[in-house]
Amino acid sequence: MSAGFATMSVASILVETARRMPERVALVVGPTETTYAELWQQTREYAGALRERGVKPGTPVAMLIPNVADFPRVYYAVLSLGGVVVPIHALLKGKEIEYVLRDSGAELLVCAAPLLTEGAKGAALAGVPVLSVLLPDAAPELPPRLEDEARSAQPIETYVPRDPFDTATILYTSGTTGTPKGAEGSHLALVEQVNVSLLTTFDMKEGDRVLGALPLFHTFGQTCTMNTVFRAGATLVMVPKFDGDTALRVMNEQRCTIFMGVPTMYIALLDAASRTPERPPLRYGISGGAAIPVAVITKFRESFGTEIHEGYGLTETSPVATFNMVGVPPRPGTIGTPIWGIDVEIADSEVSDSIVLLPTGELGELVIRGHNLMNGYHNRPEDTAKAMVDGWFRTGDLGRKDHDGYLTIVDRTKDMILRNGYNVYPREVEEVLAKHPAVSMVAVYGVPHETHGQEIIASVVLVAGASTSPDELSAFVQEDVAHYKYPRHIDIVSSLPIGPSGKVLKRELVAAYVAAADQPAEPAPIRS
């Protein structure tokens, strides 16, 4: 039950900007430009069709759409009707899509033509009707086209007001342990995230052109890029499928001023930059999603002449919780300070049923409270109770806070390696390896070992044209880390497994290593 009479809607982000600056370009996708007035008109038409399909306040609607104009059209159309948006990762398979549809209670799936093979399969398994977008032609055996239904429907006039704490989105966590959980984001958390980002966190305004390469089904791309760009009245330049050469070419052509990405995207941009001298007029970059090596920040500054500002957050925190604020020189290696209105502290990770805060400088678990927290995990009160303790969200990330309030992430609690009773934090070792001039990307992880408990392994991707050996890399890392921390086995690989949100999938590296070993518990050391 509402505690008051205030209303709020994420849909207002598009509506208000379309009213204030209708002729400004909202979207660029390839050669096509769409103004704010056009985008809102298209959204109103889509919403009219969805309303005739029975979408109303509280109706969950799933969407499986890549980074094209139909993503914001469908997203804001559902929210305009007061519905709940359930974005689905574009790389999921039919059974995984079925799970999200069933778990969220989605009553409809809007699916882009290129993703229909798996999308329609998942919808059929879940018994959920499908509407298509981007299908070139209608056909009896294919799902009906939303574009056709929108043409014959009456467009909505404006958006439905919602209670600030009503759920706006259900975003599914990656499910590294157990099945994915749906984090419910409120209208308040999502709108306030955007307002705080623009006022005191980022420096974004009308006239900025932001590359939209982050997947919009993910919280980083959806909130920090799309919603924030539209709230500012800036222009979102979309790239449907990211690769470094394409992204750099588009940024040069479109004169992009801000880039947002995960560390793997920055590494790909640096690789692309080695093949062309042309650079976009970037004012700064924003990095999140995973820790970015300081060596990558340094190389980017040298190549692009600008800084990367690193932040930190999770799906459950809408997402940004801390940031190296634009306008203040960033501190590489840190995730900055808490954003306005958010408390981020360090708690004892060993105490599960209460929050015991630790003194400044001590290592512990990051805990967060403030306006950015989720409503909870969808239909999972027990999981919500484990994550939300004493009003704080437990992140599962280990870190420290210094006397200036700057936070440093050491690692995920689940990624920590325990070798011979000593804690080894993969990120610390990765930072050292990333400094080697031949190294482009690196992932350090632990595998089971009979004698040591876990053994330390590194998978390394080299810079194009560079050469080195595992022995040389081992000697390099041993110069800077204690004997118990260095990787006992280094694999030089052509690529690392990357998930839909751009993170390295360490669990796949562990599984592959264990499967390849004759005796999984005995990796062959390089040297003792």
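The single condition among (1) modelled with pLDDT of 95 or more; (2) at positive phi that GLY175 does not meet is (1). Test ASP390 against the criterion of being of a type in the set (Asp, Glu) and more than 24 Å from the chain's Cα centre (by Cα), and give yes or no. Here the answer is yes, as ASP390 does meet what is asked.
Has the stretch 132-154 got any residue that is of a type in the set (D, E, K, R) and in contact (Cβ under 8 Å) with a residue 60 or more places away in the chain? Yes - at least one qualifying residue is present in the stretch 132-154. Could you go through the stretch 1-20 and let me know if any residue there is at pLDDT 95 or above, of a type in the set (A, V, I, L, M) and over 25 Å from GLU107 (Cβ atoms). Within the stretch 1-20 (the criterion being at pLDDT 95 or above, of a type in the set (A, V, I, L, M) and over 25 Å from GLU107 (Cβ atoms)), the answer is yes, since at least one residue qualifies. Every condition in (1) assigned to a helix (DSSP H, G or I); (2) surrounded by fewer than 18 Cβ atoms within 10 Å (Cβ to Cβ) is met by THR225 except one, and the failing one is (2).
Screening VAL110 on (1) within 28 Å of the chain's Cα centre (by Cα); (2) at positive phi; (3) not basic (Lys, Arg) shows it passes everything except condition (2). Determine, yes or no, whether PHE220 is of a type outside the set (A, V, I, L, M), under 25 Å from GLU431 (Cα atoms) and assigned to a loop (DSSP other than H, G, I, E, B). So PHE220 fails the test. The sole residue among LEU146, LEU134 that is buried (at least 17 other Cβ atoms within 10 Å of the Cβ), on the phi > 0 side of the Ramachandran plot and over 24 Å from the mean Cα position of the chain (by Cα) is LEU134.
Is it fair to say ARG162 is more than 20 Å from LEU14 (Cα to Cα), touching a residue at least 12 places away in the same chain (Cβ under 8 Å), of a type in the set (Lys, Arg) and assigned by TED's automatic domain parsing to the domain that holds LEU81? So ARG162 does not fit the description; no.
Mind listing whichever residues of the stretch 129-169 are in contact with an Asp or Glu (Cβ under 7 Å, 6 or more places away or on another chain) and closer than 30 Å to THR317 by Cα? THR167, the sole residue that qualifies.
Taking the stretch 40-86 only, how many residues are aliphatic (A, V, I, L, M) and outside any helix (DSSP H, G or I)?
Qualifying residue count for the region: 12.
Residues in the stretch 85-94 that are surrounded by fewer than 21 Cβ atoms within 10 Å (Cβ to Cβ) and touching a helix residue (DSSP H, G or I) at 6+ places or on another chain (Cβ under 7 Å) were compared, and the one that is farthest from GLU141 (Cα to Cα) is LYS93. Residues in the stretch 16-36 include at least one that is surrounded by fewer than 24 Cβ atoms within 10 Å (Cβ to Cβ) and within 26 Å of GLU184 (Cβ to Cβ). Has the stretch 394-407 got at least one residue that is among the β-branched types (Val, Ile, Thr) and either over 25 Å from VAL191 (Cβ atoms) or not assigned by TED's automatic domain parsing to the domain that holds GLU192 (or both)? Scanning the stretch 394-407 turns up no residue that is among the β-branched types (Val, Ile, Thr) and either over 25 Å from VAL191 (Cβ atoms) or not assigned by TED's automatic domain parsing to the domain that holds GLU192 (or both). Selection over the stretch 299-317 of residues that are under 23 Å from the mean Cα position of the chain (by Cα) and either over 21 Å from THR257 (Cα atoms) or polar (S, T, N, Q) (or both) gives a count of 7.
Does PRO57 meet the test of being outside the structural domain of LYS503 (by TED's automatic domain parsing), of a type outside the set (D, E, K, R) and surrounded by fewer than 24 Cβ atoms within 10 Å (Cβ to Cβ)? Yes. In the stretch 183-200 there is no residue that is out of contact with any Leu (no Cβ under 9 Å at 6 or more places or on another chain), part of a loop (DSSP other than H, G, I, E, B) and surrounded by fewer than 20 Cβ atoms within 10 Å (Cβ to Cβ). Considering the stretch 294-320, and only residues there that are touching a residue at least 60 places away in the same chain (Cβ under 8 Å) and among the hydrophobic types (A, V, I, L, M, F, W, C), the residue that is surrounded by the fewest Cβ atoms within 10 Å (Cβ to Cβ) turns out to be VAL294.
Starting from residues that are assigned to a loop (DSSP other than H, G, I, E, B) and touching a residue at least 24 places away in the same chain (Cβ under 8 Å), keep the ones in the stretch 100-128 and report whichever is surrounded by the most Cβ atoms within 10 Å (Cβ to Cβ).
ALA106
Would you be able to say whether some residue in the stretch 28-37 is farther than 26 Å from LEU214 by Cβ, touching a Leu at 6+ places or on another chain (Cβ under 8 Å) and either in a strand (DSSP E or B) or at pLDDT 95 or above (or both)? No, the conditions are met nowhere in the stretch 28-37.
The values are calculated or read from the model by the stated rules, or taken from the named source; none is laboratory data. If you're wondering where the values come from, they're calculated on a predicted model, not measured in any experiment. Using ideal geometry, Cβ is built from the backbone for each residue, glycine included, and neighbour counts are taken over all protein chains shown.
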